[in-house]
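Take a look at the structure below.
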Amino acid sequence: MVRKIIDDIEKSIRETAKKLLEEGKVDLIIGYTKGSIPLRSGPCFITDASKTDMLVWNQSCDLNLAKYLAKNDDRKIGIISKGCVGRAIVHLIVEKQLNRENITIIGIPCEGVLNRAKIMVEIGDKEIIEADIEDDKIIIKGKDFNKTLPLQDYINQLCITCHYKIPPISDIILGNKKPEKPLKDDFKDLNEIESKSSKDKIEYFKKELNRCIRCYACREACPMCYCTLCFIDQNKPVWFGKTADISDNFIFHMIRAFHVAGRCVSCGACSSVCPMGIDLNFITRKLEKIVKERFDFESGISLEVLPPMGTHKFDDKQEFMIEED
Amino acid sequence: MVQKMISKEKISDLIKELQKEFKVFGPVKEEGVVLFKEITDAKEICLDYSNSKIPAKSVLFPMIDTLFSYKKEEKGVKIIENPPYEKTVILGIRPCDSMGFSLFKIFFSFGKYKDPLILNRLENITLIGMGCLEPRTTCFCTSVNGGPFNKESVDVLITEFKDNYYLESSTDKGEALIKKIKSLTDADKGDLAKIEKLQKDIESAIPVIKGLDSIHTKLDGLFDNPMWQLDAQGCLGCGACTYLCPTCHCFDVLDENKQDGSGRRIRIWDTCQFPLFTLETSGHNPRTTKLPRVRQRIYHKFNYYPKNYNIIGCVGCGRCIINCPVGSDIRNIFMSVENSSSKTEG
């Protein structure tokens, strides 16, 4: 059933893209295409209506394609948008980074993407030669092994808690599935880490961030990281250390997190692209909770509401700035 | 050439013996990721692995490399040199990664200025390589002068066969080393012929990419070809491909100062994929967009290396394919080069 829904969406993505290009409504379609290894997809840029069969849609489509949009791009662009891609577009419009009129948002419902890092840990350094997703199973084939994993356990945690499966704003919506009512997010998934002592928390952060090699794939994949010069690249004078030492890694990831607070659309691209399999979602998810609780704000939902970091109210809660413990 | 063997169960004995004389590095699995680390406990080594996430170059060329330390004194500054590099064995390095070591040697000793740090380490490192019984589908070592059992750049090559590891020396250094290890016994002559056949079978099963031997001349005419735009448009501009490449060796040098007047000069990994890499003090940047950066990676390995050192700057490990966040595949670039160059010629 799930498989059929996904295949149908893929089919309509191709048809819609073809039609939009043929009718001259867009100059370019940005979508997903198959990667050269199993469970990997990549971005796809199509200007030729005869090539829309390159477009795919499946649970390995983990990039946030909004990254490929830019303010100074004059082309008319149709973009395949799952919920979080749509949210990123909306938020970027709010931050005046995109021209709404140039973008055709082709909304598709998304049931979540795979957590490839978790699968790799489970498989244990073996090469996956073939991977298939049936309804609730991931079927993995290697040279001398076959493994079936329950799909639900390997869906990205952010996708499980995501309650915007389709973009909040779309020009075209594909797929028959009616959007479900947004679930109430109780942030229960954070209980485990929140209940840890400060010492255990820091140990957990260290364990994760120790592996960082500073390739900046997280930053480069993040639709909200569009600064011309990132704080970490400031070198006249140098602001922060650029080594892969744990203290420098910690500072980089925490400050980047501060910079996306109230802006992060919980797409999980930062974690998905990490070659070292670092789970960065634990930081972004906590930020999402703080922003929701403190400012009752969710990024990328409305074109009208200004984000907390982009506005100021005299009654903004600020006890955290003077809080002592 | 000396051929020896040891039962797999006794690998700890071999490691313990090596540890008496050497610092031993080997593949270790941490949080599901295989990396080359110093082996303190022989049980930590994970020899049943396909290839490490970060190439073994991290031993020779660490992510943070102290060049020297210093301390401010009443009169001037005192320079504190690094302690001498200990004799080191890297056990279980794959032939592709060891080929990377050979390329490091060429690069860091080329021309007028030598890199004493790297060259001294290379002198003190003995490579005990491990042949690949299961090359990945992304491997193409045989297309770039390598092979899953290539002995050229290791001192000793291990081949796993049944319950044993077979060791074969390929340098004097390697021969001297395995001759004196007591836990090794003479190789079972009956198995050696079978091993040779096994090696040949595995090697010939790796698909060969045609035309890589002449890729540098084809690239000569493609610098301004539109193909680079196609590759650049999806690239995120991260450093995964280069940082995880066994031959990429670019670095940045910086000083870390402490408030007490002491500090160190370090070099850290840097990459041509970052805009800052080519930013000049004047403010001019010759590679402002992704296109020239994407192209640079290919030209450096497949055009400048052959021209400068008469060797391809790629060992075919496939890490850039596996780890690219956007699924870019260097083999597709080879294909574009082939197609574009035949078009240009025609």
Compute the distribution of all C-alpha to C-alpha distances in region B:186-271, in bins of 10 Å from 0, and list the percent of pairs in each, rounded to whole numbers. 11, 17, 25, 19, 16, 10, 1
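Suppose only helical runs count, i.e. DSSP H with n ≥ 4. What mean residue ellipticity at 222 nm does that imply for chain B under -39500 (n - 2.57) per run, divided by all residues and rounded to the nearest 500 deg cm²/dmol? Before the final figure, lay out each step's value.
Details: 13 runs with 119 residues, N = 346.
After summing the helix terms and dividing by the residues of chain B, the value is -10000 deg cm²/dmol.
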Sparse-neighbourhood loop sites, chymotrypsin sites (Phe, Trp or Tyr not before Pro) in region A:274-315 - DSSP loop, at most 16 other Cβ within 10 angstrom: A:F314
22 Å tail of the calculated P(r), region B:14-114, as % of Cα pairs: 44
Mean separation of Cα contacts under 8 Å (6+ apart) over length of region A:212-320, as relative contact order %: 26
Output wanted: per-residue J couplings in Hz (rounded whole) for region A:48-55, from phi through Karplus 6.51 cos²θ - 1.76 cosθ + 1.60, θ = phi - 60°, x for Gly and Pro. 9, 4, 7, 10, 6, 5, 6, 5
Apply the membrane-span-like helix rule to chain B: whole DSSP H runs, Cα extent along the own long axis of at least 18 Å, mean Kyte-Doolittle hydropathy at least 0.5. List the helices found. B:95-109
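Could you give the C-alpha radius of gyration of chain A expressed as a fraction of 2.2 N^0.38 Å, taking N as the number of residues it contains?
In units of the 2.2 N^0.38 Å rule of thumb, it is 1.02.
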Rounded to a whole number, what is D in µm²/s for region B:244-346 from Stokes-Einstein with the Kirkwood radius over alpha-carbon pairs (25 °C, 0.890 mPa s)? 150
With θ taken as phi - 60° and the coefficients 6.51, -1.76 and 1.60, list the Karplus ³J(HN,Hα) couplings across region A:56-72 in order, rounded to whole Hz; mark glycine and proline as x. 10, 9, 7, 6, 9, 7, 9, 6, 9, 5, 4, 4, 8, 9, 8, 4, 8
Computed over region B:294-346, the ratio Rg/Rh where both radii use C-alpha atoms and Rh is Kirkwood: 1.01
When Cβ neighbours within 10 Å are restricted to other protein chains, what is their mean count per residue of peptide A:214-225? 5
Once you've got the GNM for chain B with C-alpha springs shorter than 10 Å, pick whichever of B:V24, B:V208, B:V89 has the biggest mean-square fluctuation. B:V208
Between A:F258 and B:K72, the FRET efficiency computed from the C-beta separation at R0 = 41 Å comes out, to the nearest 0.05, as 0.75
Region A:63-126 and region B:105-167 have their Cα centres apart by a whole-number Å value of 41
Just the projected area, averaged over all directions, of the convex hull on the alpha carbon atoms of region B:150-194: how many nm²? 3.4
At a Cα cut-off below 30 Å, give the lysines reachable from B:K343, other chains included and same-chain residues fewer than 8 away excluded. A:K18, A:K34, A:K51, B:K210, B:K218, B:K290, B:K301, B:K307
Rounded to 0.05, the calculated FRET efficiency for the beta carbons of A:N191 and B:S214 at R₀ = 45 Å is 0.15
Percent of alpha-carbon pairs separated by more than 28 Å within chain B: 48
Residue mean of other protein chain beta carbons inside 10 Å, A:266-279: 3
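Can you work out the FRET efficiency for the pair A:K143 and A:M54, with r the C-beta to C-beta distance and R0 = 22 Å, to the nearest 0.05?
Values: r = 28 Å, r/R0 = 1.29.
Plugging the Cβ-Cβ distance into 1/(1 + (r/R0)^6) gives 0.20.
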Output ³J(HN,Hα) for region A:127-141: one whole-Hz value per residue in order, computed from phi by the Karplus curve 6.51 cos²θ - 1.76 cosθ + 1.60 with θ = phi - 60°, and x for Gly and Pro. 7, 8, 9, 8, 9, 9, 10, 9, 2, 10, 10, 10, 9, 10, 10
Point-to-point label distance, B:K179-B:K307, nm (Cα→Cβ direction, 7 Å offset): 4.6
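Multiplying the sequence separation of B:D172 and B:D188 by 0.36 nm and subtracting their Cα-Cα distance, what value in nm do you get? Each step should come with its number before you reach the end.
Details: separation 16, 0.36 × 16 = 5.76 nm, distance 2.18 nm.
So the extension gain works out to 3.6 nm.
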For region B:3-205, what are the per-bin percents of Cα-Cα distances with bins 10 Å wide, up to the bin holding the maximum? 8, 33, 35, 16, 5, 2, 1, 0
Over its alpha-carbon atoms, the protein assembly as shown yields an Rg and a Dmax in Å of 26.4, 86
Convex hull volume per residue in cubic angstrom - Cα atoms of region A:170-262: 172
Hydrophobic long helices for chain A, i.e. whole DSSP H runs reaching 15 angstrom or more by Cα along the axis with Kyte-Doolittle mean at least 1.6, come out as A:83-94
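Please report the antiparallel percentage of DSSP beta bridges with both residues in the protein assembly as shown, rounded to the nearest 5.
75
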Stretched fully, the stretch from B:T288 through B:E256 gains (0.36 nm per residue minus C-alpha distance, one decimal, in nm) 8.7 nm
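The numbers here are math on the coordinates, done by the rules we state, and not lab data. Quick caveat, the model's predicted, so the values are computed rather than measured. No Cβ is skipped: glycine too gets one built from the backbone with ideal geometry, and neighbour counts run over all protein chains shown.
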